[in-house]
There are 2 protein chains.
Amino acid sequence: MMHDEPARTEGVAPRIRARITDVAARAGVSIKTVSRVVNDESGVLPGTRDRVIEAIRELDFIPDVRARALKRGGTDTVGVIIDSISDGFFSAVVSSIEKLALADGLSVLFASTGYEESRERAQLERLMGHRLRGLILAPVGITSDELRDLQGQFPTVCIDRSREGIDSVVVDDFGASLEATRTFIAQGHRRIGFVRGTIGYPTVAARLQGMKSALAGAGIDFDESLVISHEHDSAVVAPVTTLLRRPDAPTAVFCATSLASMATLRAVHNDDVAMPALISFGDFDLASIVNPGISCVDQDPSYIGEAAYRRLIALVGATDAEPQHTVVPTRIVQRGSGETPPRSDLRALRADAPGVAS
Amino acid sequence: MMHDEPARTEGVAPRIRARITDVAARAGVSIKTVSRVVNDESGVLPGTRDRVIEAIRELDFIPDVRARALKRGGTDTVGVIIDSISDGFFSAVVSSIEKLALADGLSVLFASTGYEESRERAQLERLMGHRLRGLILAPVGITSDELRDLQGQFPTVCIDRSREGIDSVVVDDFGASLEATRTFIAQGHRRIGFVRGTIGYPTVAARLQGMKSALAGAGIDFDESLVISHEHDSAVVAPVTTLLRRPDAPTAVFCATSLASMATLRAVHNDDVAMPALISFGDFDLASIVNPGISCVDQDPSYIGEAAYRRLIALVGATDAEPQHTVVPTRIVQRGSGETPPRSDLRALRADAPGVAS
DNA sequence: ACGGTGCTTGACAACGTTGTCGAGTATCGC
DNA sequence: GCGATACTCGACAACGTTGTCAAGCACCGT
């Protein structure tokens, strides 16, 4: 691919990329013939083909996908819009999408919203300019109608959060939280805290609903004061600390996001407060390393990415398909922190279980 | 942006995106005038401009950036090629790059190599087809010559690993490791382990060199048997366990990557082996949460991303610029694990320091 | 009244590629 | 030997946009 003229270290002649015209001239054929060779079309004499291939090699010709797409009326680019790539969940999702896209020869145009509506809109509009093959989107403020409108341009699949009438791949936030809470209840917990972390996420709201539903099902009153939320995840450390120091502190805590979990762990670590039973919604590196391991609702992000991508590809060309809502199954990974009875036994645990340092 | 015709729930007429021609027809002007309005050029009567804007709104017109780029001969896309987006270091780098690119109205084409040369080559070639504005690359197998050749097409900035003659933004692997090792030595450590993790990374090799140099400087013999490496980071847990169980186990361990650190912590956690003094090259979520906190060489990935991006933008149009190698300063974040004397005191620590669970 | 000036606007070519179609040539059957 | 057939190859238009240039028009000073 890379040619081997001696590269001059300075004053590099800004060599311009070879066009199909250059290749044609060099091989002594028409541009159409080059095009045929490039696209592996039949009807080119072996000798001619060889000459063209040689010229392509010599000139380092790589076809301009933009011109190609323009002519053909399609694109080889899929868009991915997520909240933040720093979020372990989304980075895993994007990682699996990108891997699959590479296998299909597709390019990935990446954008993040920071969970801001205005930024989502800007990113969306910018990506529209690229005439995508399809879009995988973690929707923020965009409405069903707007998305259905997009659907007319290219297929769209929502992840993490769903929109009516649009294909989506999500986890069962409500059900998984219900199950996790039931685990707590079965162990005898009655006061269960909920660390919401960043406010405003509908998934988190659904998780809270799941917990409430489990409590109601067991005839346990729900205490609003055990719910901790804050504008930013990092700012949640202090309120959690306060919560766990209360005389009537919860004996178990359900953390709605892995960031909330880490903040909670930080709270537990920084101050000498009792570690409650803990289940985290969303797995994270740390969870399997600390002692006791943090039990998690595992949402399998790479599978979510895969499901979304496959659905997107299936959707290309199938404009009449009924919107399909995939709910990716979750499972609770038991590592110890979630399978702890309340109170009294807790003290035993504290004396017993050494930390990482031991 | 989104128009508001009632979206029909099924059998959606696959409405085709409006072209500049459609807008022109609707507004009763020529396409050139539409183009003028779109690009905020002067010389359009307010009345005409309004009619065009109205038509654009009605038709949801968004210009095709590919056609625009084709005509103008430029692009609004930068490429980013990294090892893996699941790696916390790279996800932070990409995050900051993407944020800056958005501010400049640039799109980010994202690709990962998995640190495989063949995949790097494929990604590179695919991205070349997009005629990038510039490329930020964590090079794997590509040579200086090949990259200098790329430089002729568009500016390129290497991150994490450098190539001669190409702009790069890296950290001082050697120096930082030297300093970290000296910290150990100052505390009386003589047997210092090195957990390399995945083999083959030149940055890791430089880190090992830094450590060796510090040891040599202090007149300490280097024991090759204290170096743990393996094909994959996860597979490193067992050998580390074995190492720490040896009668002549190292009293301090330098982990060359955050993944290696996590594997080491897992080893320490899974088996009842003494936790050595520990410094990690590269910060990670976990590091600040466990007890004791893991001391780290902080390489400030978001600053690296920013520096690389800014350099890239500066390079656009400046073909004659001398390659500039930016070395981003590191600092050692002391959290406890790295400031621990050897042996005897270690036992005290174990009895003393409770883990996360306490 | 007339040429000049300044402003708005549009016709046309071009960016690099591929689809359409027809020209040219060799091969075959009779 | 001749028309038919099959195959290779190229000229040209088109994708959607912007740059160039000139046309059209109102207005000015003399």
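Structure values in brief
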item	result
Selected residue (criterion: surrounded by the most Cβ atoms within 10 Å (Cβ to Cβ)) from residues of the stretch B:125-143 that are facing chain A (nearest Cβ under 9 Å) and over 27 Å from B:Arg66 (Cα atoms)	B:Ile142
Scope the stretch A:144-181; condition part of a strand (DSSP E or B) and either touching a helix residue (DSSP H, G or I) at 6+ places or on another chain (Cβ under 7 Å) or buried (at least 22 other Cβ atoms within 10 Å of the Cβ) (or both); matching residues	A:Thr156, A:Val157, A:Cys158, A:Ile159, A:Asp167, A:Ser168, A:Val169, A:Val171
Flag if A:Asp40 is within 15 Å of DNA strand C (Cβ to nearest atom), buried (at least 16 other Cβ atoms within 10 Å of the Cβ) and within 30 Å of A:Arg311 (Cβ to Cβ)	no
Single condition B:Tyr115 does not satisfy, out of (1) surrounded by fewer than 23 Cβ atoms within 10 Å (Cβ to Cβ); (2) within 11 Å of another protein chain (Cβ to nearest Cβ)	(2)
Filter result for A:Leu109 (at the interface with chain B (Cβ under 7 Å from one of its Cβ atoms), touching a helix residue (DSSP H, G or I) at 6+ places or on another chain (Cβ under 8 Å), at pLDDT 95 or above and in a strand (DSSP E or B))	yes
Selection count where residues are more than 20 Å from B:Ala277 (Cα to Cα) and surrounded by 15 or more Cβ atoms within 10 Å (Cβ to Cβ), scope the stretch B:206-232	2
Count - residues of the stretch A:21-48 that are within 11 Å of DNA strand D (Cβ to nearest atom), under 44 Å from the mean Cα position of the chain (by Cα) and not hydrophobic (A, V, I, L, M, F, W, C)	7
In the stretch B:292-319, the residues that are within 13 Å of another protein chain (Cβ to nearest Cβ), surrounded by fewer than 23 Cβ atoms within 10 Å (Cβ to Cβ) and not aliphatic (A, V, I, L, M)	B:Pro292, B:Gly293, B:Ser302, B:Gly317, B:Thr319
Failed item, numbered, when A:Ile85 is tested on (1) within 10 Å of chain B (Cβ to nearest Cβ); (2) outside any loop (DSSP other than H, G, I, E, B)	(2)
Residue within the stretch A:244-266 that is assigned to a strand (DSSP E or B), small (Gly, Ala, Ser) and touching a helix residue (DSSP H, G or I) at 6+ places or on another chain (Cβ under 6 Å) present	yes
Verdict on B:Val52 being within 16 Å of B:Glu306 (Cα to Cα) and buried (at least 21 other Cβ atoms within 10 Å of the Cβ)	no
Any pair with Cβ under 7 angstrom, 6 or more apart, that starts in the stretch A:279-305 at a residue that is in a helix (DSSP H, G or I) and ends at one that is at pLDDT below 85 and of a type in the set (Asp, Glu)	A:Asp285/B:Asp285; A:Leu286/B:Asp285
Filtered residues of the stretch B:267-278 (kept if in contact (Cβ under 8 Å) with a residue 12 or more places away in the chain and part of a loop (DSSP other than H, G, I, E, B))	B:Asp271, B:Val273, B:Ala274, B:Met275, B:Pro276
Test: A:Ile289 is hydrophobic (A, V, I, L, M, F, W, C) and modelled with pLDDT of 90 or more	no
Unique residue being under 39 Å from the mean Cα position of the chain (by Cα), more than 16 Å from DNA strand D (Cβ to nearest atom) and surrounded by 18 or more Cβ atoms within 10 Å (Cβ to Cβ) when the list is B:Ile62, B:Ile97	B:Ile97
Test: residue in the stretch B:71-93 that is within 16 Å of DNA strand D (Cβ to nearest atom) and either among the hydroxyl-bearing types (Ser, Thr, Tyr) or under 15 Å from the mean Cα position of the chain (by Cα) (or both)	yes
Exclusive hit being modelled with pLDDT of 95 or more, of a type outside the set (Asp, Glu) and not in a helix (DSSP H, G or I), set A:Pro63, A:Pro6	A:Pro63
Every residue from the stretch A:55-73 that is facing another protein chain (nearest Cβ under 8 Å) and more than 10 Å from DNA strand C (Cβ to nearest atom)	A:Asp60
Neighbours by Cβ (under 8 Å, 6+ apart or cross-chain): first from the stretch A:20-48, more than 14 Å from chain B (Cβ to nearest Cβ) and under 18 Å from A:Asp64 (Cβ atoms); second in a loop (DSSP other than H, G, I, E, B) and more than 10 Å from DNA strand C (Cβ to nearest atom)	A:Thr33/A:Val44; A:Arg36/A:Val44; A:Val37/A:Val44
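Every residue, every condition in (1) modelled with pLDDT of 95 or more; (2) closer than 29 Å to A:Glu98 by Cα; (3) touching a Lys or Arg at 6+ places or on another chain (Cβ under 6 Å), yes or no:
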| site | (1), (2), (3) |
| --- | --- |
| A:Glu146 | no, yes, no |
| A:Phe154 | no, yes, no |
| A:Asp172 | yes, yes, no |
| A:Gly188 | no, no, no |
| A:Thr198 | no, yes, no |
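The values are calculated or read from the model by the stated rules, or taken from the named source; none is laboratory data. These numbers come from a predicted model, not from an experiment. We place every Cβ from the backbone using ideal geometry, glycine too, and count neighbours over all the protein chains shown.
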